[in-house]
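S.K.: Have a look at the structure that comes next, please.
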Amino acid sequence: MGEIEDGEADHITTDVQGQKCTLVCECTAPESVNGKDNLPFLNAVLKNPVCKLYRFPTSDNKWMRIREQMSESILSFHIPKELISLHIKEDLCRNQELKELGELSPHWDNLRKNVLTHCDQMVNMYQDILTELSKETGSSFKSSSSKGEKTLEFVPINLHLQRMHVHSPHLKDALYDVITVGAPAAHFQGFKNGGLRKLLHRFEMERRNTGYQFIYYSPENTAKAKEVLSNINQLQPLIATHADLLLNSASQHSPDSLKNSLKMLSEKTELFVHAFKDQLVRSALLALYTARPGGVLKKPPSPKNGTEESCPQDPPPQMRRQDSIPHHSDYDEEEWDRVWANVGKSLNCIIAMVDRLIERDGSNEGGGGGSKDGEKDPSLVDPIITHPREDWYEQLYPLIRTLKDCMGEVVSRAKQSLTFVLLQELAHSLPQGLMLTLRRDIVFSQALAGLVCGFIIKLHTSLHDPGFLQQLHTVGLIVQYEGLLSTYSDEIGMLEDMAVGISDLKKVAFKIIEAKSNDVLPVITGRREHYVVEVKLPARMFEALPLQIKEGQLLHVYPVLFNVGINEQQTLAERFGDVSLQESINQENFELLKEYYTAFMEKMPPDYISHFQEQNDLKGLLENLHQNIQAKKRKNVEIMWLAATICRKLNGIRFTCCKSAKDRTSMSVTLEQCSILRDEHQLHKDFFIRALDCMRSRQTQGALSESDDPETGCLTDNKPTSRHFYPVALLLVSSHLLVVWLILSLALLLAKYQ
């Protein structure tokens with residue numbers, strides 16, 4: 001990659017108005033911002049850094065030093081492999097649940113067989129892709145030339161960290177990070193029929209118009225079914241574990257331990273019962289009943305109803321049936337209410353028994369001497385207290401057994417009914433529905449890899465900032481994506497993919513845990529509707545975190561996307577095409593950004609807010625951004641600059657994306673960096689263009705003479721062709737220079753080859 005040894009540097013100098021200005025030197029030594037202790041953690045996710053050092057004059061003729069660093073991330077491949085493994089596990093579990101759905105009528109059974117055939121094929125495809133990714137041992141990022149390779153579909157394009165560290169003579173040293181990555185999109189799938197935004201809308205419209213052979217469930221109901229199934233799979237083993245711990249405490253005759261075990265059991269059981277307080281479960285049970293042969297529901301025998309007699313409880317109020325499912329006259333809708341309520345009743349009986357046992361234990365210890373004047377008649381004493389040291393285990397075991405039996409019946413019925421809901425989603429439009437899921441998984445994988453990289457970098461650089469850490473667990477983090485895609489041809493489909501992929505990041509939460517070994521790579525858990533990324537920190541870094549984060553509180557992110565096409569294709573789209581997609585995306589995401597700002601102002605402490613408002617005029621910036629979005633101005637780059645400024649002031653994570661994260665992305669990032677130097681660090685106004693040109697130069701040695709200055713318009717024969725990118729950058733400022741640039745470029749090429 002053209003690196004040189006540490007300590008070596010080749011300087012580029014330019015003589016400007018009699019001043020010698022050192023502009024560039026190149027090295028490979030990474031820089032630690034928060035001390036060497038954090039470097040192993042950062043180096044675990046970054047590799048192959050390329051650094052450049054600059055020195056620019058300030059407005060008062062002093063010097064600022066800038067260190068620019070670009071690094072690759074091994075998360076480009078690690079996150080997709082983690083995610084694909086999770087998908088395979090989830091899909092295998094779903095396929096098994098479909099097989100265990102029980103006996104169905106011929107129509108539904110044939111649908112199930114067809115679904116399982118296609119689902120097994122998809123699982124095999126995911127397994128093949130995972131196998132191929134595991135063989136990748138070369139580069140730690142996917143180049144743009146590989147974006148059409150099927151085996152690398154899940155890997156983001158050109159994922160890099162672009163970092164600028166400013167040492168200013170007047171201000172405190174500052175660090176500015178931007179994650180650059182190709183727009184998350186399914187390039188191998190193609191964009192002939194559009195991207196995810198259009199395809200999902202069309203797919204949903206088709207589902208609404210299905211015939212009698214399917215039962216329509218809205219996307220919200222389908223997502224709810226997946227959520228309830230996930231909760232069942234998580235809570236059932238937890239409840240069983242806490243029930244066993246309760247019995248263990250009873251056998252040890254420990255009142256304190258018994259109380260703690262009961263508290264945990266009660267909390268998990270209440271969550272379990274609450275998961276079924278939904279009309280969807282009731283309607284799904286009815287739908288499954290009608291799909292059985294002859295409409296006969298084959299269910300396991302109910303446990304004894306002794307709990308209903310000993311702990312009476314009113315059944316929950318009856319709910320309305322889903323309109324799309326016909327009522328069956330032989331189906332007893334109240335039966336589910338009774339089965340479901342038995343779990344709560346069993347828990348109440350356990351609570352009552354534990355209270356009695358503990359109360360009895362206290363009275364025995366308090367009055368253990370002899371009889372007093374106020375002693376009760378033995379004939380009136382409760383039979384269970386006649387033995388001062390009765391076996392608590394024997395008293396609780398039948399109740400625990402009943403709780404498990406009731407819970408088992410609820411789980412059996414609920415899992416089958418909700419799996420039947422998922423069967424409807426899968427059965428419709430095979431294989432189009434599964435291909436849409438594949439496309440969404442691909443786009444999401446690319447977006448998630450960038451997000452995890454950005455989160456870890458942000459955590460590393462802000463670990464010693466108490467305000468940031470408080471914001472992290474109180475409000476969450478804003479994640480701002482700057483899109484440079486045009487609304488023309490294939491890039492429309494890319495933008496549609498990107499919009500859905502970034503929106504899906506709302507399903508992601510982070511959890512910070514202490515690393516128990518040298519392996520600090522993140523781990524992903526969860527399912528398609530809800531992911532948790534576990535970020536591992538070394539012990540010394542973990543101890544610096546607030547208590548809420550150390551206790552495992554989930555940390556949420558709020559992704560927003562603002563797109564402004566800037567290339568020549570966008571000029572064609574604005575004059576002859578349609579830019580409504582870009583306008584709607586920007587408007588929707590402005591509302592999300594505004595919601596985050598409102599939550600930030602409401603949840604953060606007043607003292608922090610007052611200090612924050614003194615430093616940042618965020619309200620004015622938001623109003624300005626809204627006005628620019630509403631203005632519908634051509635190539636309005638003010639939208640990008642305002643959104644980026646707001647993100648930085650809100651301690652957010654910045655992303656810049658174009659088709660391949662090369663030309664447009666590099667032009668935008670370097671322009672942003674020079675603008676920051678001018679606005680925040682008093683870069684001399686006469687050196688703005690020279691600094692911009694220096695950052696964009698690929699030349700790493702030799703001297704730039706005055707004839708090589710792009711402002712003079714003179715170009716030497718040995719000048720790298722990359723210098724011609726400079727006029728392209730002006731397109732970020734004005735689209736009217738496009739024609740001039742094309743004519744000049746053509747003239748230069750003709751002169752060169754004549």
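What follows is calculated from the coordinates using simple rules that are stated; it is not laboratory data. Just so we're clear, the structure is a prediction, and the values are computed from it rather than from any experiment. Glycine gets a Cβ as well: all are built from the backbone with ideal geometry, and neighbour counts include every protein chain shown.
S.K.: By how many nm would the segment from V523 to T131 grow when fully extended, if each residue of separation counts as 0.36 nm and the alpha-carbon distance is taken off?
M.R.: 139.3 nm
S.K.: The range 200-295: which trypsin sites (Lys or Arg not before Pro) are DSSP loop and have at most 15 other beta-carbon atoms within 10 angstrom?
M.R.: On the way: sites: R202, R207, R208, K224, K226, K259, K263, K268, K277, R282; in loops: K277.
Those satisfying the criteria are K277.
S.K.: Would you please give the FRET efficiency between L572 and N110, computed as 1/(1 + (r/R0)^6) with r the Cβ-Cβ distance and R0 = 56 Å, to the nearest 0.05? Provide the component values of the computation, followed by the final result.
M.R.: Numbers: r = 50 Å, r/R0 = 0.89.
The computed FRET efficiency comes out at 0.65.
S.K.: Round to the nearest 0.05 the FRET efficiency obtained for D686 and N193 when R0 = 60 Å and r is the Cβ-Cβ distance.
M.R.: So, using R0 = 60 Å, E works out to roughly 0.70.
S.K.: Calculate one ³J(HN,Hα) per residue across the range 55-64 by plugging θ = phi - 60° into the Karplus curve 6.51 cos²θ - 1.76 cosθ + 1.60, and present them in order as whole Hz with x for glycine and proline.
M.R.: Coupling constants for the range 55-64: 9, 10, x, 8, 5, 9, 6, 9, 10, 10 Hz.
S.K.: Separate question: If we count every other residue with Cβ under 12 angstrom of I524's Cβ, Lys/Arg +1 and Asp/Glu -1, where does the sum land?
M.R.: Value of the local net charge: +3.
S.K.: Length gain on complete extension for the stretch E359 to K259, per 0.36 nm per residue less the alpha carbon to alpha carbon distance?
M.R.: Full extension of this stretch gives 34.8 nm more.
S.K.: Multiplying the sequence separation of A751 and E334 by 0.36 nm and subtracting their Cα-Cα distance, what value in nm do you get?
M.R.: Between A751 and E334, full extension yields 141.4 nm more.
S.K.: Another question, if that's okay. Please list, in chain and number order, the residues 5+ apart from T58 or on another chain whose amide H is under 5 Å from its amide H, with Hs placed from the backbone.
M.R.: Amide H neighbours of T58: W63, M64, H684.
S.K.: Hey, another quick one. Assuming R0 = 60 Å, what is the FRET efficiency of K649 and Y393, from their Cβ-Cβ distance, to the nearest 0.05?
M.R.: Once the sixth-power term is evaluated, E becomes 0.50.
S.K.: Of the GluC sites (Glu not before Pro) in the range 511-564, which ones lie in a loop per DSSP and count no more than 12 other C-beta atoms within 10 Å?
M.R.: E543, E551
S.K.: For the residue pair N209 and L744, what label-to-label distance in nm results when each label sits 7 Å from Cα along the Cα-to-beta-carbon direction?
M.R.: 5.3 nm
S.K.: Under 18 Å Cα to Cα from K516, which lysines show up? Leave out anything in the same chain fewer than 8 places away.
M.R.: Within the straight-line limit of under 18 Å, K516 reaches these lysines: K536, K550.
S.K.: Next question. Would you grab the residues whose amide H sits under 5 Å from the one on I157? Only those 5+ places off in sequence or on another chain, please, with H modelled 1.01 Å from N.
M.R.: It is G182, by chain and number.
S.K.: Can you give the net charge of the other residues whose Cβ lies under 15 Å from the Cβ of S675, counting K and R as +1 and D and E as -1?
M.R.: Taking every Cβ under 15 Å from that of S675, the sum is 0.
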